[in-house]
Every structure is written in C-alpha cells, then in structure tokens.
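The values are calculated or read from the model by the stated rules, or taken from the named source; none is laboratory data. Keep in mind that this is a model prediction, so the values were computed, not measured. Don't worry about glycine lacking a Cβ; one is built from the backbone with ideal geometry, like all the others, and counts go over all protein chains shown.
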Amino acid sequence: MTASASEGPAAPLLTLRRIAELREAVAGWRRAGESVGIVPTMGALHEGHLALVRRARDHCDRVVTTIFVNPIQFNRPDDLSAYPRDEARDAAKLAALSVDLLFAPPVEEVYPEGYQTRVSVPGLSDCLCGAVRPGHMEGVATVVAKLLLQSLPDRAYFGEKDYQQLLVVRRMVRDLDIPVRIEAVATVREADGLALSSRNLLLTSAQRTQAPALFRVLQALAARLEGGAVPAQDVLEQGRAELAAAGFEPIDYLELRGAESLEPLDRAERPARLFVAAWLGAVRLIDNLEIANSGASRHPPA
Ligand code: PAF
C-alpha cells in the first residue's frame, strides 16, 4: 500500500474500504513519526468540509477523510435514502487537496451482522437535535468512537455548524480516554449567510432564496441578547414569528443555551449560543451563533 503526501491535484487518491487496511496505513505513518489528522464526513462534500480538510492539512503530516453515511444516526428512513451521495465527485475534491487516504467502508464493514454496541453521552445529547431526532446523537457518538478507534489519529476535525455534535464528541473522547485531540473549525457560510450543508443541495431554488433568513434572524436575535440585559423568552418568541413569516415550518427549536454544557439560559449572562433547527418544505436546516459579550470563547472548551 502506498500513499503520496505531495501537494497538488494530480496525485491519485488512495481509497480503502476495510478497517484492517485503514489501521495498517495509519499505524505505518505513525510508526514513521508522521502525525495523522482525520476528517469524518458523510460525503456530499462542500467548502465547509474542505475547510476541515485544509485545517487538518495545515496541522498534520497525513490527512485521512472518511465518507460513511451512518445509518444509525438517521431516525427517518426517508432522510437516510434522500441523503446526497457522490463518491467520485467527493474523491476528486479530496485529491485536489492532497488528502492521503479516503476511508469509505460499506455499511457491513462498520456494522457487521450481530453488531450491538452503542455509545451514548446523556445530558449533552438530550436537548436540541438529540431531543428532536431520537437516537441521532447516540448514532453519531457510536460511529465517531468507532472511526477514531479504527484509525487512532492524532487529531480529528469537526465543524461548529454541528455544535452539539462537537460537544458530544469532545465529551465522549474525554470520557472514554480516546487519545485524540478534537479540533473545532468555524462554520463556513455562503455570501448571503447560509451555513454550508450537504442538505442545501436538496433545496428548491425558491427555498434557496428563503434559506438565508435563518442566519439573518439568528444575527438579529444575537444582537438583542448581547450583554445579557434582555430576557430571552420574548426575543425568542419574536424570532420564531420571524422564521415562520420567512417560510420556516415547523421550527424544531430556537433556543438560547450555555456554550459549554448546553443548559437552557434565560439571559446571555455567561458563554451562550443561539441554536436553531427549522424546516423549509422537506429540508431541515440547522444553525447556531455565539452571543457576543456573553463571555463565550471563540471555540468550545477543549
Ligand atoms: O457531521 C457529520 O457529517 C456526521 O455526523 C459524522 C460526524 C461524520 C458522523 O457520521
């Protein structure tokens, strides 16, 4: 097995499907004294994913990207089957960034017959997306734990767009003593503010013009909540009305929570973030935003 660390678009991308091959490749690099970063994804790669890859490329000698549409984190079969997939297109993007290895296992390699174990992080998983999508956070924690243990990298990269996921993964890694550093990367947005997401591909052109209202509303609410002087309840109520007027229906949640342990907050008196999940037709969009002057750090606690 060979892999190239050279920069440039021409290098062919090594694609592995078996856990044993992944282990062998990463262990070989680490034995040779090279640092390894992993970027777990479900494919349909966009600039948000590529920002994670670039950060890994900056930090690490070798970069592994995984593409695995993890069935156990989907609570609706229609959502799983509609999830966009195009491995050849994704592989070309990764090759252009000189990724060293793509790990894209089949479902039965990750969850062979008889598979039973789940990893759950109660508390952090019980609110927001975890409450609305039963089993979702457990599915994420389980597959991320498996990918980290399969590869044993030095660092793993996650976007702040899925902020609850980021906190759940950090907690899981700490609690299970998995020897990897979790790196957070800021949300990448379109020029109109829409957070990049694989689900944006599913928006109709009319919905795509409505979608930036999600971030606009978050920004307006964050400005009003700044400093913690104003109680959140009325502000959030008005935000829900604005989202409904912009065409979002239903709104799964629009909440102010602590940036470290996700406790609900009445005011942005300590490190705080706004979290939203809402639907445009059949497409569920999520976003979150730090409240300035709430004492929030730029990144969640390491
Ligand atoms: O954020 C995602 O794409 C997924 O939840 C992840 C982390 C790759 C686990 O399947």
Q. Among the residues of segment 101-117 satisfying the criterion of being within 14 Å of the ligand (Cβ to nearest atom) and touching a residue at least 40 places away in the same chain (Cβ under 8 Å), which is surrounded by the most Cβ atoms within 10 Å (Cβ to Cβ)?
A. 103
(Q) Residue under question is residue 124, and the condition is that it be touching a helix residue (DSSP H, G or I) at 6+ places or on another chain (Cβ under 8 Å), assigned to a loop (DSSP other than H, G, I, E, B) and surrounded by 16 or more Cβ atoms within 10 Å (Cβ to Cβ); does it hold? (A) yes
Q. Given the conditions (1) under 22 Å from the mean Cα position of the chain (by Cα); (2) farther than 19 Å from residue 151 by Cβ, and given that residue 116 satisfies all but one, which numbered condition is not satisfied?
A. (1)
Q | Test set (1) at pLDDT below 95; (2) farther than 28 Å from residue 131 by Cα - residue 84 fails condition number | A | (2)
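The rows are residues; the columns are (1) within 16 Å of the ligand (Cβ to nearest atom); (2) free of Cβ contacts under 8 Å to residues at least 12 places away in the same chain.
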position: 48; (1), (2): yes, no
position: 69; (1), (2): yes, no
position: 73; (1), (2): yes, no
position: 80; (1), (2): yes, yes
position: 85; (1), (2): yes, no
position: 91; (1), (2): no, no
Q.
Given the condition among the aliphatic types (A, V, I, L, M), under 30 Å from residue 21 (Cβ atoms) and either surrounded by fewer than 17 Cβ atoms within 10 Å (Cβ to Cβ) or free of Cβ contacts under 8 Å to residues at least 24 places away in the same chain (or both), answer yes or no: does some residue in segment 148-157 qualify?
A. yes
Q.
Tell me which helices (runs of 4 or more DSSP H) are completely within segment 40-106 and hold 3 or more residues being in contact with a Leu (Cβ under 7 Å, 6 or more places away or on another chain), or say none if there are none.
A. 47-59, 87-96
Q) In segment 177-186, is there at least one residue being modelled with pLDDT of 95 or more, under 24 Å from residue 90 (Cα atoms) and within 12 Å of the ligand (Cβ to nearest atom)? A) yes
Q) With (1) at pLDDT 95 or above; (2) within 20 Å of residue 163 (Cα to Cα); (3) hydrophobic (A, V, I, L, M, F, W, C) as the list, and residue 296 as the residue in question, which single condition is left unmet? A) (1)
Q) Do we have residue 258 as at positive phi and modelled with pLDDT of 95 or more here? A) no
Q: Identify all residues within segment 124-161 that are within 10 Å of the ligand (Cβ to nearest atom) and among the polar types (S, T, N, Q); write none if there are none.
A: 142
